[in-house]
Amino acid sequence: MVSSSRLELTAEPKIAMQNFGDSLFKYLTTFFAALVLLLIGVMAYEMYATSSLSIEKFGWSFLTSSEWDPVMEQYGALPFIYGTLVSSLLALILALPVGVGIAVFLTELAPPWLERPFSFIVELLAGIPSIVYGLWGFFVMVPWIRSSVEPFLSENFGFIPLFEGAPYGVGMLAAGVILSIMVLPIIASISRDVLNAVPVSQKEAALALGSTRWEATRIAISYSRSGILGATILGLGRALGETMAVTMVIGNRPEIKLSLFEPGYTMASVLANEFTEATSEMYISALIEIALVLFIVAILVNAIARLLVWSFTRTSNVGGRL
Amino acid sequence: MERTMFFHYRKFKNLFMYGLCMLSVGVALVPLLLIFYHTISLGVSALNVDFFTQLPKPVGESGGGLANAIVGTLILVGLGSIIGLPVGILAGIYLSEFGNNKFAAAVRFMTDVLNGVPSIVTGVVAYTIVVLPMKHFSAYAGGFALGILMIPIVTRTTEEMLKTVPNSYREAALALGIPQWKTTLRIVMPAALGGIVTGVMLAIARAAGETAPLLFTALNNRFWHTSLDQPIASLTVFIYNYGVSPFEDWIAQAWAGALILILLVLLLSIAVRFATRQRY
């Protein structure tokens, strides 16, 4: 295309007007694209500025202290960070094998016509609001965990400190299970995309050497491990920030306990529970600092995951919508 | 002898591992089916005309509905759309039509990252930007939070859908001397309209189902809102408050609310299937 400035010298006024329209259009859309970019910066700055009270008072000890006492104005975020990490990791441990299993089933075993129903179900699972998972978890899953899962675990594996104590139902285990259901669609659908992107020659070579189909699949899995890792980290990103479902089943107690049966607390659920009750400025400021920590962690986790998945599939639309 | 043993072992492992893969599909389907089953069976009982037309009753009185919450959710999503749709669609147009450079790649990347920001954090940001200066909770703050959530979804789907329009459309229009802005708005956009509407509906569905960003922006309201400057009820916050309450009536209404949300998601997913079917 000819640049607009050169055309204006010779062109009729009408064409010049059109060029004006074009550059206006381009600048307008560029502005809005830049706005999206700017938004992340504004979000970070806003939270940093409004949590300055707590940042100045507690410094880095905010992240390492486990004392959370609004009455004495002592705030430490460690129990929440611990709860977020443990519940999310538990979710990944439960969801990853199942997710990869589904992806293998879809790429290796399922007939092609299953493709559509599958993506429909994934869309559904990903579209169910967090609060509905929470309600279901609270009324259906927690009683089941209390009456069946936890007694079973403590009877057979009670010697492991992870499964110690009374079966409350609500607690870290319940949070991990509900989160694993929620991150499963992400892990399964992106792993499927990643496995589909493995060159057929990889599997053909393995089969030609006399391997079984499963052995060929294992080669495909190990070939695509960085993509599957990306899918897992993306699932981690979703689990870290999940609020309502976790708040309803984790028990909400700011303590660090090894046992998965014990109630815990996460960064997102402390915000959901205490933000409207926070009366002093320092309290609000400490809560906003927790949001800032959660924001930074989520940004880092998502950035790493996107880079991994992108570099593997090299098409920009894989997993873009989830 | 040993070799045939090993061969059988490998055959067995092959079957066993593929069996596990099929099992994992079953394991994944169980919670989905259970969620649908429980929400429908527990939600239907509280779903009646009153639910859609009456205000919530005070503690102890039975009956009542969530009319104000349903209207509140519609208003909040509407406010969110006013912010989220223009920004998302225009940014999407930029990415698709002018997006062949480093800046666009950065925007694309950051949009995906923004999509991963926890919604409760968006709520906190809306609190600091809208609630703190105004000094009280309001529908505006809730709409603002939902708007931010909608931006990345709308941006990415708009871009993807515009990219599916064949380049020959653009070239033909430009060859006729139509300026680029007119080409984009009058020729490329209409060709991709179905897909863009799909993206908008996805964003609306996500916004309607959000609870966390509303907890301390729109707050809640047991009555009809008098102005957008005031706290406003929403279906999701009501489901949360009622769900954790000790009253049977309220819990039943929470399930009914959850049923409405699930039906919304189901209908939209089917609509999306339908809208994109002719395309591919």
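The values are calculated or read from the model by the stated rules, or taken from the named source; none is laboratory data. Please read these numbers as outputs of a predicted model, since none were measured by experiment. Cβ atoms come from the backbone with ideal geometry, glycine included; neighbour counts cover every protein chain shown.
Check whether at least one residue in the range A:215-236 is at negative phi and part of a loop (DSSP other than H, G, I, E, B), and report yes or no. Yes, the range A:215-236 contains at least one residue that is at negative phi and part of a loop (DSSP other than H, G, I, E, B). Among residues of the range A:37-63 that are among the charged types (D, E, K, R), those with a beta-carbon under 9 Å from a residue that is not in a helix (DSSP H, G or I) at least six positions away or on a different chain give the pairs A:Lys57/A:Glu73; A:Lys57/A:Tyr75. A:Leu153 fulfils the conditions (1) part of a helix (DSSP H, G or I); (2) buried (at least 20 other Cβ atoms within 10 Å of the Cβ) except for a single criterion, (2). Among the residues of the range B:125-155, those identified as in contact (Cβ under 8 Å) with a residue 40 or more places away in the chain, within 11 Å of chain A (Cβ to nearest Cβ) and more than 14 Å from the chain's Cα centre (by Cα) are B:Ala126, B:Tyr127, B:Val130, B:Val131, B:Phe137. Residues that are surrounded by fewer than 24 Cβ atoms within 10 Å (Cβ to Cβ), more than 30 Å from B:Phe16 (Cβ to Cβ) and touching a strand residue (DSSP E or B) at 6+ places or on another chain (Cβ under 6 Å) occur at least once in the range A:247-254. Report yes if A:Val140 is surrounded by fewer than 20 Cβ atoms within 10 Å (Cβ to Cβ), farther than 24 Å from A:Glu255 by Cα and within 14 Å of another protein chain (Cβ to nearest Cβ), otherwise no. Yes; evaluated as a whole, the condition is true for this residue.
For (1) over 23 Å from A:Arg306 (Cα atoms); (2) at the interface with another protein chain (Cβ under 10 Å from one of its Cβ atoms), each residue gets a yes or a no:
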site	(1), (2)
A:Gln202	yes, no
A:Thr217	yes, yes
A:Tyr223	no, no
A:Gly251	yes, no
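Among the residues in the range A:180-188, are any within 14 Å of chain B (Cβ to nearest Cβ), more than 30 Å from A:Glu123 (Cβ to Cβ) and not small (Gly, Ala, Ser)? Looking through the range A:180-188, none of the residues is within 14 Å of chain B (Cβ to nearest Cβ), more than 30 Å from A:Glu123 (Cβ to Cβ) and not small (Gly, Ala, Ser). One residue alone among A:Leu294, A:Leu234, A:Leu322 is within 9 Å of chain B (Cβ to nearest Cβ) and at pLDDT 95 or above, and that residue is A:Leu294. Residues in the range B:48-75 that are part of a loop (DSSP other than H, G, I, E, B) and under 23 Å from the mean Cα position of the chain (by Cα): B:Leu66 alone.
Total residues in the range A:137-158 satisfying the condition of being within 18 Å of B:His38 (Cα to Cα) and among the hydrophobic types (A, V, I, L, M, F, W, C): the figure is 7. For A:Leu229, the criteria (1) within 17 Å of the chain's Cα centre (by Cα); (2) farther than 27 Å from B:Pro246 by Cβ; (3) facing another protein chain (nearest Cβ under 10 Å) hold in every case but one, which is (3). Filtering the range B:76-103 to residues that are in a helix (DSSP H, G or I), without any contact (Cβ under 8 Å) to a residue 40 or more places away in the chain and more than 7 Å from chain A (Cβ to nearest Cβ) leaves B:Pro86, B:Lys102, B:Phe103. Listed by first and then second residue, the pairs with beta-carbon distance under 6 Å, at least 6 apart or on different chains, first residue in the range A:273-284 and in contact (Cβ under 8 Å) with a residue 40 or more places away in the chain, second among the charged types (D, E, K, R), are A:Met282/A:Glu73.
Flag set for A:Phe159, criterion: surrounded by fewer than 16 Cβ atoms within 10 Å (Cβ to Cβ), away from chain B (no Cβ under 12 Å), among the aromatic types (Phe, Trp, Tyr) and not in a helix (DSSP H, G or I). So, in the range A:232-246, exactly how many residues are more than 8 Å from the chain's Cα centre (by Cα) and of a type in the set (Gly, Ala, Ser)? Residues in the range A:232-246 being more than 8 Å from the chain's Cα centre (by Cα) and of a type in the set (Gly, Ala, Ser): 1 in total.
The residue that is farthest from the other protein chains (Cβ to nearest Cβ), counting only those in the range A:97-133 that are surrounded by 16 or more Cβ atoms within 10 Å (Cβ to Cβ) and charged (D, E, K, R), is A:Glu108. Residue count for the range B:107-124 satisfying the condition of being closer than 20 Å to A:Ile131 by Cβ and either part of a helix (DSSP H, G or I) or more than 7 Å from chain A (Cβ to nearest Cβ) (or both): 7. Taking the numbered list (1) crowded, with 21+ Cβ neighbours inside 10 Å; (2) closer than 30 Å to A:Glu108 by Cβ in turn, A:Tyr223 passes all entries but (1).
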